[in-house]
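Here's the structure we're looking at; comments come further down.
The values are calculated or read from the model by the stated rules, or taken from the named source; none is laboratory data. As the structure is a prediction and not an experimental result, all values here were calculated from the model. All Cβ positions, glycine included, derive from the backbone under ideal geometry; neighbour counts span all protein chains shown.
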Amino acid sequence: MEKKKVAIIGVTGSVGQEFVQSLNDHPWFEVTQIAASERSAGKSYIDAIRNEGGIIMWDVGGEIPEYIKSMKVKTVDELDTSQLDLIFSAVESQAAIDIETKMAAKLPVVSTSSAFRYEDDVPILIPGINDEQAELLETQKKNRNWKGFVAPLPNCTTTGLAITLKPLLEKYGAKKVMMTSMQAISGGGKSGVSAMGITDNIIPYIPKEEGKVRLETRKILGKLINGKIEDADIKISCTCTRVPVIDGHTESVFVETTKEINPQMAKETYNQSNIDSSVIGLPSAPKDYYAFHEDPTRPQPRMERTVGDGMTTTIGRVEKEELFDNGLKYMLFSHNKKMGSAKGAVLLAEMLYKKGKI
Ligand SMILES: NC(=O)c1ccc[n+]([C@@H]2O[C@H](COP(=O)([O-])OP(=O)(O)OC[C@H]3O[C@@H](n4cnc5c(N)ncnc54)[C@H](OP(=O)(O)O)[C@@H]3O)[C@@H](O)[C@H]2O)c1
């Protein structure tokens, strides 16, 4: 099988580096071109991620893959789109509006940015959760007269919440959700939070994050009806905080369900979802989509972030919630740079490829 030729835009950033790792020796996709800002363009990859002090700023676990070290970083305008089948985009949202518009006119774009997430003809996709909404990409192509499309993932804090709510919603209904996040430093990107700001500290505010979680969760858990997504009718309240953890977001969740539920029923539901998962067998999918713990000391970021290579969502501390007639409280862990961005985007591209959309 000839591999699809892909480019990574934003390749030097926090998520871009994870893309480099996630696409190393990929069976279906081959990285043939890379791009970043003018600051990095013209340099080899290794020089582009070197700081002024000469230090190589590689912050992904493991060695830098050989294939990328001497590849030349281009500007977006220098990319030869005629030699590409797919773009992975990992740039901040303001820059992404122009870049992704330009690229999607010619090619499929799988994006980690929020630039297009809230447009009516753009689904926010989590592979294994709302794959059927990918059909909206056809409407998007027609509406915009594009050869390609923009398929964004959600914000990395939405990811774990939507993943854990989906099976509960389907089986028990969901009316209200309250969530408090404890988000990793890496979620803010390479220039996000200073060491002085986060060490020995908790920052109780992340700009725009709570609004994103509310909008995105309702859209992802909604239904595609007659070419439009009808949001799920769930009231969502959340508080998003930044904590001194390098990778992986932990969230404390309270959910009011329509039907009666208890921890054992939730456990069986997640186990069944593992068996039924639509992404089983795809190259970047984990063996278990969900890990359910009865040990009350789980989830813990240091223990969970390597499970399923960061692609498994961990659930623990599950208890019946007495505040509601029916409901649960639980904690979840989701890796923001793996399932929540780069590797999740690769899994999304695999799902779209399998559906014939790439
Ligand atoms: N970090 C996470 O956990 C996470 C999770 C989910 C989604 N996201 C989203 O993913 C995107 C990337 O996040 P990040 O954390 O990787 O950010 P980052 O570390 O700040 O990296 C930004 C990347 O974009 C490049 N860039 C900036 N302006 C550009 C332009 N005009 N043209 C081309 N490239 C440009 C930068 O290149 P230079 O190095 O040359 O400046 C760098 O490669 C953001 O939209 C973010 O919201 C992040």
Original post:
When you go through (1) surrounded by fewer than 24 Cβ atoms within 10 Å (Cβ to Cβ); (2) in contact with a Lys or Arg (Cβ under 9 Å, 6 or more places away or on another chain); (3) under 25 Å from Ala285 (Cα atoms) one by one for Glu170, which number turns out not to apply?
Top reply: (2)
Original post:
Which pairs have Cβ atoms under 6 Å, sit 6 or more apart or on different chains, and link a residue in the range 211-228 that is more than 18 Å from Ala174 (Cα to Cα) and modelled with pLDDT under 95 to one that is surrounded by fewer than 24 Cβ atoms within 10 Å (Cβ to Cβ) and not hydrophobic (A, V, I, L, M, F, W, C)?
Top reply: Gly227/Thr139
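Yes/no per residue for (1) near the ligand (Cβ under 10 Å from one of its atoms); (2) touching a His at 6+ places or on another chain (Cβ under 7 Å); (3) under 21 Å from Lys141 (Cα atoms); (4) at pLDDT 95 or above:
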residue	(1), (2), (3), (4)
Gly16	yes, no, no, yes
Ser37	yes, no, no, yes
Tyr45	no, no, no, yes
Ala48	yes, no, no, yes
Asp59	yes, no, no, no
Lys102	no, no, yes, yes
Ala105	no, no, yes, yes
Ser111	yes, no, yes, yes
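Within the range 293-320, track down each residue that is part of a strand (DSSP E or B), farther than 17 Å from Ala342 by Cβ and hydroxyl-bearing (Ser, Thr, Tyr).
Correct list: Thr314 only.
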Original post:
Does the range 65-79 contain at least one residue that is in the same structural domain as Ser114 (by TED's automatic domain parsing), within 23 Å of the chain's Cα centre (by Cα) and within 25 Å of Arg117 (Cα to Cα)?
Top reply: yes
Original post:
Quick check, is Leu282 in contact with an Asp or Glu (Cβ under 7 Å, 6 or more places away or on another chain), among the hydrophobic types (A, V, I, L, M, F, W, C), surrounded by 14 or more Cβ atoms within 10 Å (Cβ to Cβ) and not in a strand (DSSP E or B)?
Top reply: yes
Original post:
Failed condition for Leu137, given (1) surrounded by fewer than 21 Cβ atoms within 10 Å (Cβ to Cβ); (2) away from the ligand (no atom under 12 Å from the Cβ); (3) assigned to a helix (DSSP H, G or I), with all others met?
Top reply: (1)
Original post:
Is there a residue being within 27 Å of Gly281 (Cα to Cα) and crowded, with 22+ Cβ neighbours inside 10 Å anywhere in the range 56-66?
Top reply: no
Original post:
So which residues in the range 222-246 are part of a loop (DSSP other than H, G, I, E, B) and surrounded by 12 or more Cβ atoms within 10 Å (Cβ to Cβ), if there are any at all?
Top reply: Gly222, Gly227, Asp231, Ala232, Ile234, Val243, Pro244, Val245, Ile246
Original post:
Has the range 187-204 got at least one residue that is modelled with pLDDT of 95 or more, at positive phi and more than 17 Å from the chain's Cα centre (by Cα)?
Top reply: yes
Original post:
Does Gly10 satisfy the criteria of being at positive phi, assigned by TED's automatic domain parsing to the domain that holds Glu92, out of contact with any His (no Cβ under 7 Å at 6 or more places or on another chain) and away from the ligand (no atom under 13 Å from the Cβ)?
Top reply: no
**OP:** Report whether or not Val91 is among the β-branched types (Val, Ile, Thr) and closer than 13 Å to Gln140 by Cα.
**Re:** no
Original post:
Among the listed residues Ser284, Ser277, which satisfies the condition of being in contact with a helix residue (DSSP H, G or I) (Cβ under 7 Å, 6 or more places away or on another chain), within 30 Å of Gln140 (Cβ to Cβ) and hydroxyl-bearing (Ser, Thr, Tyr)?
Top reply: Ser284
Subject >> Matching residues, the range 103-129, being within 13 Å of the chain's Cα centre (by Cα) and in a loop (DSSP other than H, G, I, E, B) >> reply: Thr112, Ser113, Ser114, Arg117, Ile124, Leu125, Ile126, Pro127, Gly128, Ile129
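Condition check ((1) closer than 19 Å to Ala162 by Cα; (2) β-branched (Val, Ile, Thr); (3) modelled with pLDDT of 95 or more) across all residues:
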| position | (1), (2), (3) |
| --- | --- |
| Cys240 | yes, no, yes |
| Pro244 | no, no, yes |
| Ser273 | yes, no, yes |
| Ser278 | yes, no, yes |
| Tyr290 | yes, no, yes |
| Met303 | no, no, yes |
| Thr306 | no, yes, yes |
| Thr312 | yes, yes, yes |
**OP:** State which residue is farthest from the ligand (Cβ to nearest atom) when the search covers only the range 169-213 and only residues that are in contact with a Cys (Cβ under 7 Å, 6 or more places away or on another chain) and assigned to a helix (DSSP H, G or I).
**Re:** Glu210
**OP:** Those residues that are in a helix (DSSP H, G or I) and near the ligand (Cβ under 10 Å from one of its atoms), I need them from the range 77-99; list them, please.
**Re:** Asp77, Ser93, Gln94, Ala95, Ala96, Asp98, Ile99
**OP:** Could you tell me which residue of the range 328-358 is surrounded by the fewest Cβ atoms within 10 Å (Cβ to Cβ), considering only residues that are in a helix (DSSP H, G or I) and away from the ligand (no atom under 16 Å from the Cβ)?
**Re:** Lys354
